[in-house]
Each structure stands twice: as C-alpha cells, then as structure tokens.
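The structure appears right after this line, and notes come after that.
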Amino acid sequence: FRGHPIWEINGWPTDSWMWKSLLSSKHLLEVGTRMKLGDDKSIKIWTDKWLPDQEDGRIDTRKLEECNKKKVSELIKDGKYDSEIITKMFEEEDRCKVGEIPISMEETRDNMCWVFSTSGNYTVKLGYEVASSWHIRGGMEKRGHENGSRNEYRTSILKMLWGLNMKHKIKHFIWKCL
C-alpha cells in the first residue's frame, strides 16, 4: 500500500483480478474494523474508529477548541482512564462507552480488529456472511431475496466450499465463479 491505508487506495482498469477483488471489499472492511487498544500510542481520539459499540466507531462528542488531547494514551493516567479529563472532554454517552473499553496491561501495539466476529479476526467467510446480510443501494446487494429453496441450496454449496481443504485463493476463485 506504500504507506497508505487501504481505504485511500483506488483501483485502475489494468489491476489484476485479485487486486480488484480486494478493493471491492474495502467498504465492508472499513465498516467492520475498529482500533483495539494496546499501548494506546497510535490511536487518535477524534478521527480513528476505536469505540467498539459505536455504529461508526468514532467519538460523537464535538472536539472543544481548547482541547489539546490527540491520542487515547493522553486519557490514561496510572493505568486507568483519567475521569477528570474524560468528564471535561466528552458527553455522557461517550464517557460511558470509553469507560467500558478495557485498558491493556500488556505492552502490545494498538491494532485493528473485526467487530463482526467474537475473536476479532477477519475471515473471508465472515466477510461474505456480513456482506450477504446487508442491503446497500448501489453497493453490495442483499443475496437473501432469492426464492427459499434456491437460497438454501446456495448456502449448502457455500458451506461445502468454505469447508474444503484447499488453498484459500482457489476457494475464493470458485466463489467468484458461482
């Protein structure tokens, strides 16, 4: 990505089929990813998506002009959220949501997680299930509108496909052909 997040990358007509497939899912990835707190040094309070239970993952409170806090690490003091700073900076709803996020005691880096899975890991199977259940006009289409028996047949084929013991790129190719 040459130092750019995938959300900023645009495709070209000459791109490979695989690259076009990856780029076609970037909206799904953008909606489903959140920053997971580790050492809290890289997460930006006002622009990053770091609230797991928030629809867009961002703080709703408007940033006050006199506020000079930029990173989540500036909200933490002695291993706990600084309630004085949080009370001054955020509205009640955001204060509650921030307070519910556990602070990592390990020295791990901040990283991304997938909110639609219990493990936080993205898989093609989960991505497909989420995309299939959405109905976005002009974007991903809901696939559950087909007649019942045909839809059940398709689901059984896909379950069989994802359960096969073969390389993921081959499964992905077969899935695209269906």
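The simple Förster model, with R0 at 22 Å and r as the Cβ-Cβ distance, assigns Asn165 and Trp17 a FRET efficiency of 0.40. Expressed as a whole percent, the accessible surface of the chain that belongs to carbon and sulfur atoms is 53, based on a 1.4 Å probe. For Met112, the residues whose amide H sits under 5 Å from its own are Lys36, ignoring neighbours fewer than 5 places away on the same chain, with H placed 1.01 Å from N. A convex hull fitted around the alpha carbon atoms of the chain yields 178 Å³ per residue. The phi torsions of segment 164-178, fed into the Karplus equation with coefficients 6.51, -1.76 and 1.60 and a -60° offset, translate into couplings of 5, 8, 8, 4, 4, 5, 6, 4, 5, 4, 4, 4, 5, 6, 6 Hz, rounded to whole numbers, with Gly and Pro shown as x. Within segment 1-81, the chymotrypsin sites (Phe, Trp or Tyr not before Pro) that combine a DSSP coil assignment with at most 11 other C-beta atoms in a 10 angstrom radius are Phe1. Of the residues Ile86, Phe116, Asn10, the one whose Cα sits farthest toward the positive end of the charge dipole of the chain, with +1 on the Cβ of Lys and Arg and -1 on the Cβ of Asp and Glu, is Asn10.
Taking Gly120, Gly32, Gly163 as the candidate residues, the one with maximal mean-square fluctuation in a Gaussian network model of the chain, Cα springs under 10 Å, is Gly163. Residues whose amide H lies under 5 Å from that of Ile76, counting only those 5 or more places away or on a different chain, are Asp82; hydrogens are built 1.01 Å from N in the peptide plane.
Counting only protein heavy atoms and a 1.4 Å probe, segment 1-107 has 68 square angstrom of accessible area per residue.
Scattering from segment 20-68 was approximated by placing one identical point on each alpha carbon and applying the Debye formula without solvent; log10 I(q)/I(0) at 0.14, 0.17, 0.23 1/Å stands at -0.45, -0.62, -0.90.
About its Cα centre, the chain has a charge dipole of approximately 1120 debye under the convention of +1 per Lys or Arg Cβ and -1 per Asp or Glu Cβ, with nothing else charged.
Residues of the chain were split at every exposed loop site, defined as GluC sites (Glu not before Pro) in a DSSP loop with at most 13 other C-beta atoms within 10 angstrom, and the longest piece left, sites excluded, is 1-54. Top mean-square fluctuation among Thr33, Thr118, Thr14, Gaussian network model of the chain, C-alpha springs under 10 Å? Maximum among the listed residues: Thr14. Of the candidates Ser25, Ser16, Ser83, which one comes out as most mobile in a Gaussian network treatment of the chain with C-alpha springs shorter than 10 Å? Its mean-square fluctuation being the largest, the pick is Ser16.
The values are calculated or read from the model by the stated rules, or taken from the named source; none is laboratory data. Everything numeric here is computed off the predicted structure, so don't read it as measured data. Neighbour counts are summed over all protein chains in view; Cβ atoms, including those assigned to glycine, are modelled from backbone coordinates with ideal geometry. Ligands, DNA and RNA are stripped out before the accessible areas are found, and what is left, the full protein with its side chains, is counted by its heavy atoms. Shrake-Rupley method; radii C 1.70, N 1.55, O 1.52, S 1.80 Å.
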